[in-house]
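Let me begin by presenting the structure, written as structure tokens, before commenting on it.
The values are calculated or read from the model by the stated rules, or taken from the named source; none is laboratory data. These numbers were taken from a predicted model, which means no experiment stands behind them. Note that we place each Cβ from the backbone using ideal geometry, even for glycine, and neighbour counts take in every protein chain shown. Accessible surface areas use protein heavy atoms only, side chains included; no ligands, DNA or RNA. Shrake-Rupley method; radii C 1.70, N 1.55, O 1.52, S 1.80 Å.
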Amino acid sequence: MRQPLLFLALAVALVFLFALVNGISVGVSDSNPISSAFVVSVVVMAMMGLADAGVGLMAGAILLVSTSVACDMQQDRSTGWRLGTPRVLQFRYQVLGILVGAVLAVVFARLFMAAYPVLLLDQTAMKAGQQPAEWSSAMTYKFVGVLRSLTDDKPYQRTAIVVGVAIGFAIELARKWLKPRRFIVDAMLLPSPYALSFGGFVNLPTSLWLGAGGVVSSLVEARTPQRADLPEDMSGTSLFGGGLIAGDALAALAIGITGLLAAVL
């Protein structure tokens, strides 16, 4: 596709890093900070001389899709191991699903954009009063913002990433050292670098709900003995939280399909 080999190869190499980092996040919280991986990767490429937003979008898309699939496969492998399913067969079906999804993604994108023309608007160039209340995406803002920075150089972004990595490393070292006082550290003094950054770019009400859930989970697990042969993500609070996430996802899917059918028909 006439893209520079260097940046495509770098995107593939970074997949191995973010598959580990984001995979841990997916296993712990069922949340994949893929937009942050995209932004960091594009900024790293900018540090290497990338100045073409189109190349950044293509390389970042390769990393985004590959990392998302890798994290899903890690999660499914863990589930398959617990259920005793043949994971090779499981992965083959996932590959087929990816191939079908690659085609249907284009179809569904055109369908939803035709049903909801607001999706065609560049909200990053709109004033606050022009923003549609029912359609917003933090991920879109981050993608567009970092791609625009390739043609409008902003050195402070690179400095911020370096500082952020250093802070996260220092916090994690402190958490390892203070591990015996686990609840106080996790919930009060030193939240994980991921939780700390999450609270920085997600709106306050959502962060407070997630934080409250983490506090309740830590309190319950601290007072409830857990079987030694079960991993942490199989605890009662983890399974209960996973059920809530799955239920919310199904409810959102049902609402979206209903709205789409109403708009089309």
Residues (among the hydroxyl-bearing types (Ser, Thr, Tyr) and modelled with pLDDT of 75 or more) located in the range 231-265: Thr237, Thr258
Pairs, first touching a residue at least 24 places away in the same chain (Cβ under 8 Å) in the range 247-261, second in a helix (DSSP H, G or I) and surrounded by 10 or more Cβ atoms within 10 Å (Cβ to Cβ), C-beta under 8 Å, six or more apart: Leu260/Leu111; Leu260/Phe112; Leu260/Ala115
Condition met for Leu120 (within 30 Å of Asp152 (Cβ to Cβ), open to solvent by 60 Å² or more (accessible area, probe 1.4 Å) and over 21 Å from the mean Cα position of the chain (by Cα)): yes
Residues of the range 113-159 satisfying the condition of being at pLDDT 80 or above, over 19 Å from Ala61 (Cα atoms) and among the aliphatic types (A, V, I, L, M): Met113, Ala114
Pair list, Cβ under 6 Å, 6 or more apart: the range 152-168 residue within 17 Å of Leu190 (Cβ to Cβ), other residue open to solvent by less than 60 Å² (accessible area, probe 1.4 Å): Gly168/Pro193
